[in-house]
Amino acid sequence: MGKEKSVSGNTTPLHGRPVTRAIVSALRASSKMITSSEVAATTTQINQGLVLRSKNSKRTALDEKKANAHKKQAVLKDITNVNSYTSCFNAAKIQVENIKQKKKERASSSMVESSSATSEVTYEKVEVWSKSTGSSTVASIPKFVDIDSDDKDHLLCCLYAPEIYNNLRVAELKRRPFPDFMERTQRDVTQTMRGILVDWLVEVAEEYTLVPDTLYLTVYLIDWYLHGNYMERQRLQLLGITCMLIASKYEEICAPRIEEFCFISDNAYTGDQVLEMESLVVKHSSFQIYAPTPKTFLRRFLRAAQASHPNPSQEMEFLANYLTELTLLDYQFLKFLPSIIAASAIFLANWTMNQFSHPWNPTLEHYTMYKASDLKASVQALQDLQLNTKGCLLNSIRMKYRQEKFKCVAVYTSPKLHDKLF
């Protein structure tokens, strides 16, 4: 399942930090950018310099302590030069199809034992014609692995997992920004400015060691507000830190204070301005803060991807997370549903790690509700991001996943995708 709640009031800290729902789920599971020539054009800072200042982090990292107590200054580049960045955001377009309703298949089951866990496999009876004997026989062919059969913890609500994710599939259709809101609503803010802001927020999330769900929800709230409200570029960073504040309150147990977000933006805004913007954002959202993000679906899809492997690959998990995070930078990926992005990341991660077997299988098709052919456009667009075919330099996510703790998955490349894969 996705994020699990803590059941006890006295939550055991992890390396000095309380355990969040997202951390529990992550531990349980394991375990475009600006061209070089265009960087010179971005010499001025917006709003008297939007700077990520160095400071001592007040929170211990979830996986390990920070190697350096201080960070170098990272300037949020000038986002006023629109034309010089447009080539960095040309991901492929897709028309989102309606989710196909699938009937649940109930058949006799059998237990398949592996070295690490026991999973239930569902079988389908099919008629097989034999040319040698000239007769037909009924055979049982495995359709998919039941990824919930080995979960005995009732707190994970495995019994209700299908209904929960069916509800999330409906929610992702209802609460999503228009994929063309920049053209519809915004005249001062562009998709390039949005990409620079998100790239900076990745650094902020790393500075405060926020869980990945906070970053995803932050970007969603930014897009949700921008798709319905005109925003001046001078206030874009204010919107960014405010949305991260709201997301932190929802996802984190110990959220950063308002003063910390003001400090990280070089005190470009006051606490009162942040509070005023917070009120505008939550009112626009009708106080419905949460919505499904690619991370919501990625956890379950990863379990489906690793179900047939006796030894789950941590590298594959990191790679799928890396590919999914890359899509946050690209405005064009708003054309894809969050579940499609998560499924495409699994597909491309499988293809990157192993070209000797097909990256899609019946288990993934069952739990994602997508066939390989449904993912062709999104996987191809995602591979363009992975290979950085546009030569863009918004590198916060790439630098993050080049760290040893993430197995340096950002340096991986994938071979050409063949049409026969889809």
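The table below lists the values:
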{"read-out": "Evaluation of C254 against (1) assigned to a helix (DSSP H, G or I); (2) within 14 Å of A205 (Cα to Cα) (one fails), failing number", "value": "(1)"}
{"read-out": "Residues within the range 162-192 that are assigned to a helix (DSSP H, G or I) and more than 20 Å from the chain's Cα centre (by Cα), tallied", "value": "6"}
{"read-out": "Conditions (1) of a type outside the set (F, W, Y); (2) at pLDDT 95 or above; (3) part of a loop (DSSP other than H, G, I, E, B); (4) closer than 19 Å to F287 by Cβ; number of the one not met by C243", "value": "(3)"}
{"read-out": "Tabulated pairs, the range 169-192, first more than 9 Å from H227 (Cα to Cα), second in a loop (DSSP other than H, G, I, E, B) and of a type in the set (F, W, Y), C-beta under 9 angstrom, 6+ apart or interchain", "value": "A171/Y290; R175/Y290; R187/Y230; D188/Y230; V189/Y230; Q191/F89; T192/F89"}
{"read-out": "Residues satisfying the stated conditions in the range 373-383, i.e. crowded, with 18+ Cβ neighbours inside 10 Å and not basic (K, R)", "value": "D374, L375, A377, S378, V379, A381, L382, Q383"}
{"read-out": "Any hit, the range 296-312, residues being over 22 Å from K143 (Cα atoms) and surrounded by fewer than 24 Cβ atoms within 10 Å (Cβ to Cβ)", "value": "yes"}
{"read-out": "Count of residues meeting criterion [over 20 Å from R169 (Cβ atoms) and in a helix (DSSP H, G or I)] in the range 342-375", "value": "6"}
{"read-out": "Scan of the range 335-360 for residues that are small (G, A, S) and surrounded by fewer than 24 Cβ atoms within 10 Å (Cβ to Cβ), ordered by number", "value": "S357"}
{"read-out": "Hey, D272 in contact with a strand residue (DSSP E or B) (Cβ under 6 Å, 6 or more places away or on another chain) and among the charged types (D, E, K, R) or not", "value": "no"}
{"read-out": "Residue within the range 327-334 that is crowded, with 24+ Cβ neighbours inside 10 Å and assigned to a loop (DSSP other than H, G, I, E, B) present", "value": "yes"}
{"read-out": "Which numbered condition F318 fails, given (1) of a type outside the set (D, E); (2) surrounded by 22 or more Cβ atoms within 10 Å (Cβ to Cβ); (3) assigned to a helix (DSSP H, G or I)", "value": "(2)"}
{"read-out": "Test for M369: is it at positive phi and of a type in the set (A, V, I, L, M, F, W, C)", "value": "yes"}
{"read-out": "Residue match in the range 335-342 (condition: under 19 Å from A377 (Cβ atoms) and over 14 Å from the mean Cα position of the chain (by Cα))", "value": "yes"}
{"read-out": "Subset of the range 204-230 [closer than 13 Å to K400 by Cβ, under 16 Å from the mean Cα position of the chain (by Cα) and assigned to a helix (DSSP H, G or I)]", "value": "A205, E206, P212, L215"}
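The values are calculated or read from the model by the stated rules, or taken from the named source; none is laboratory data. Computed from a predicted structure; not experimentally measured. Using ideal geometry, Cβ is built from the backbone for each residue, glycine included, and neighbour counts are taken over all protein chains shown.
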